[in-house]
Amino acid sequence: MSAHLRVIAPGLATSVQDTGRFGYQRFGVPTAGVLDRVAMAAANTIVGNEPDMAVLEMLYLGPTLEVAAGSVRVACVGLGAGMEVTEGQTTRQVPALESARLGIGARLRVMVGRNAMSCVLAIEGGFALPAVMESRSTFVRAGIGGFEGRALAAGDLLPLALEEAEARDEVRLPDLDLALPSRVRVVLGPQDDYFTPSAIETFLSEPYEVTRAADRMGLRLSGTPLAHAKGYNIVSDGIATGSIQVPGDGQPIILLADRQTTGGYPKIATVASADLPVLGRVGPGTKLQFEAVRIEVAEDLRRAQAGIEAGWRQQLEPANAVKGVRDASLYDANLISGVADAWMGDQLD
Amino acid sequence: MGTPRATWVWVGRENELAMAEQGFAVEPRFLASGDTALVVEFGDRMDRHISALVLNLRRRVQEAGIAGVGEAVPTFRSLMVHYDPLVIHARELETRLMPLIKGLEAEALVGQRWLFPTCYEGEDYAPDLADVAEAVGISSAEVVAMHASVEHLVYMIGFLPGQAYMGDLPDVLKLPRRTSPRIKVAAGSVSIAIGQTTVYTYDSPGGWHIIGRTAVPLFEPTRDRPALLSPGDTVRFVPVSRNTYDDMQAASAEGAFDIDTLRADE
């Protein structure tokens, strides 16, 4: 017997994504990959996967899926996200950052937060899908990777790697802050010299709002127009994920996973890689305030973030822990830091 | 203003002189593109000498196998080196790149030479041919003859998978982009603008002048080398009849197109 998730309703733009497709950009192939790398790593950790295993990413409106396998273990992560699970006559809510085991025939509705752009759903064991050019990420515009190179559609049968979820208790990851930081850190350049000094000052002092033109390609922002010092056309140059290009109208665009590999607009700055996941998470209407940091600071931020992620597996706690008890245990753990892990481990068994 | 600058020129006085001796037309600069990519910029224009430096450096970077460097993406005038900030710092990467840049030669890479059978006929396959001829003041037949007479160098690939930016067009054929871009340009369209030629690999919006159509399968995700063209390759467009194109297109659609028949030197 093979294991699947049957797509009852696909949502708006639900696709299979992993960390992205690297090594093919010089052939014009965008990296694609998940918008919110932190959410992906967290969801995978919660269901017991390696952090970079392919997940389902959904934008704005999540899918309804039916379990066509013995059982599956899932977890969703996103700003304000959650799941509604219907088994037989019973419907229950499962919050984000918590695993749930669903039996055959169960229906799962994933809800993207009201003010969010994306959330992810991880499935224990992942998908039985082939890697295309070394990645399972979907790049829809060219029909590459993921499930048939496209977003999910009603009736699709998404093949799973495991026929049964492992028998174990459900867990949750406490205290993961998914909110937008007060400042989005950027490194100026590579074409900051194409802008007037006052444009750079404006860019770093005034808020820029994420418009409704926000998708896997990028976020079009709206705010005080940024004046170019020497035109808005450059001879094509490479683009990195997080590059902030400014076309002729002076409104910045933050380029995300499905960005082109090269482009001909000057880029005023590039988002620090540690702050990229949150930009793939928050939605239209969000006001962004940029802060320029030195490249060494951006590198340190990323390393600090990786350090936090490395500790998640030890922080998992039973999903049914009572809130008050959990808070108390954390408080105690703080008092006796250093032996906190061992102490909590004893309590949780 | 006290704003931290990410843009810096790395070459010291000594290096600068060494570079001048080695015939560098433009002093290369390192430009940070966040904490995951470093640009080595050789100039701000399209130029074969600059392009050769970029493409040679790309090959050297790949051969050097620097830990943490994933890939390097060449453009007309710069190389973007993508790296993993958890493995290597930008400053360290610069140090590793410098010796690769130092002895760099502007000798043109010898890439694969390709022949692309192209139908330059009809309103459907060559909708802008007559307009181009009129704009530059020669006949359509002369436009075709000129376009087919030169070897087009693949400077870079971008926009969509496998889509090559080739140059240079004979001066007579240099035109700006169309004033109104098309919402849909068919895959396989051979198009010219701003002194360059491109072949659209997918149906997509486009603002270039379409003067022909080719059935060459430029990008196949499941092929060993998904993109047919690499920077440094050259392409000669060979005029063929509508019937020949249609037969080739049918073969291409069935996945039966033998790309080895397109190699010029075999």
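Size check on the range B:153-222: the Cα extents along the three principal axes, sorted descending, read 39, 27, 19 Å. Near A:Asp156, once Lys and Arg are set to +1 and Asp and Glu to -1 for all other residues with Cβ below 10 Å from its Cβ, the sum equals +1. Ranked by the mean number of other Cβ atoms within 10 Å of their residues, highest first, the peptides A:258-269, B:247-258 fall in the order A:258-269, B:247-258.
Scanning residues 5 or more positions from B:Tyr200 or on other chains, those with amide H under 5 Å from its amide H are B:Gly188, B:Ser189, B:Ser191, with H placed 1.01 Å from N in the peptide plane. Put simply, the range B:60-167 fits an ellipsoid with semi-axes of 41, 15, 12 Å; these come from the alpha carbon gyration tensor as the roots of five times its eigenvalues, largest first. Can you find, among B:Val54, B:Ser191, A:Leu5, the residue sitting farthest towards the positive end of the charge dipole of the protein assembly as shown, where Lys and Arg contribute +1 and Asp and Glu -1 at Cβ? In the protein assembly as shown, that residue is B:Ser191.
The charge dipole of the range B:174-252, taken about the Cα centre with unit charges on the Cβ atoms of Lys, Arg (+1) and Asp, Glu (-1), comes to about 400 debye, rounded to the nearest 20. Taking one quarter of the surface of the convex hull spanned by the alpha-carbon atoms of chain A gives a direction-averaged projected area of 18.6 nm².
With a 10 Å cut-off around each Cβ of A:131-143, the average count of Cβ atoms from other chains is 2. Multiplying each eigenvalue of the alpha-carbon gyration tensor of the range B:113-262 by 5 and taking the square root yields semi-axes of 23, 16, 15 Å, largest first, rounded to whole angstroms. All C-alpha to C-alpha distances of the protein assembly as shown, sorted into 20 Å bins beginning at zero, yield P(r) values of 19, 48, 29, 5, 0 percent in whole numbers. Summing Cβ point charges (Lys, Arg +1; Asp, Glu -1) relative to the Cα centre of the protein assembly as shown gives a dipole of roughly 900 debye.
Looking at the range A:65-129, the trypsin sites (Lys or Arg not before Pro) that sit in a DSSP loop and have at most 15 other Cβ atoms within 10 Å of their own Cβ are A:Arg114.
Computed on the Cα atoms alone, the convex hull of chain B gives a volume of 169 cubic angstrom per residue. Put simply, when B:105-113, A:287-295 are sorted by average Cβ atoms within 10 angstrom per residue, most first, you get A:287-295, B:105-113. Farthest towards the positive end of the charge dipole of the protein assembly as shown, among the residues A:Phe27, A:Gln315, A:Pro190, is the Cα of A:Pro190, using unit charges on the Cβ of Lys, Arg, Asp and Glu. Karplus-based coupling profile of the range A:95-107, in residue order and whole Hz: x, 4, 6, 9, 7, 9, 9, 10, x, 4, x, 5, 10, with θ = phi - 60° in 6.51 cos²θ - 1.76 cosθ + 1.60 and x standing for Gly or Pro. Across peptide B:159-166, the mean count of Cβ atoms from other chains lying within 10 Å of each residue's own Cβ comes to 5. Using θ = phi - 60° in the Karplus curve 6.51 cos²θ - 1.76 cosθ + 1.60, the 3J(HN,Hα) couplings for the range A:63-78 round to x, 10, 10, 10, 7, 10, 8, x, 6, 9, 10, 10, 8, 10, 9, x Hz; x is entered for Gly and Pro. Here B:Asp168, A:Asp169 are placed in order of increasing Cβ neighbour count within 10 Å, fewest first, which gives A:Asp169, B:Asp168.
The spacing between the range A:171-241 and the range B:58-96, judged by their C-alpha centroids, is 24 Å.
Here the 3J(HN,Hα) profile of the range B:234-239, calculated from phi with Karplus coefficients 6.51, -1.76 and 1.60 at θ = phi - 60°, is 10, 10, 10, 8, 10, x Hz, Gly and Pro shown as x. Share of pairwise Cα-Cα distances greater than 28 Å in the range A:4-172 is 14 percent (whole percent). Selection among B:Leu229, B:Thr179, B:Ser140 by position relative to the dipole of the range B:113-262 gives B:Thr179 as farthest towards the positive end (Cβ unit charges, Cα centre).
In the range A:1-90, one over the average inverse separation of all distinct C-alpha pairs is 14.7 Å, which is the Kirkwood hydrodynamic radius. Across the range B:198-240 the C-alpha pair distances fall into 5 Å bins from zero in the proportions 5, 15, 27, 24, 22, 7, 1 percent. Net charge dipole, the range A:184-302: roughly 320 debye, given to the nearest 20, about the Cα centre with Cβ charges of +1 for Lys and Arg and -1 for Asp and Glu.
P(r) for the range A:106-230, from all Cα pairs and a bin width of 5 Å, is 2, 7, 10, 15, 14, 13, 13, 10, 8, 5, 3, 1, 0 %, short bins first.
Sorted largest first, the spans of the alpha carbon positions of the range A:222-315 along the three principal axes are 52, 29, 26 Å. When each full DSSP H helix of chain B is screened for a Cα extent of at least 20 Å along its own axis and an average Kyte-Doolittle hydropathy of at least 1.6, none passes. Taken residue by residue and averaged, Cβ atoms of other chains lying within 10 Å of the Cβ of A:26-36 number 6. The Cα center of the range B:203-248 and the Cα center of the range A:68-96 differ in position by 47 Å.
Every number here is computed from the coordinates shown, using simple stated rules; none is lab data. This is a predicted model, so every value here is computed, not measured. Note that each Cβ is placed from the backbone with ideal geometry, even for glycine, and that neighbours are counted across all protein chains shown.
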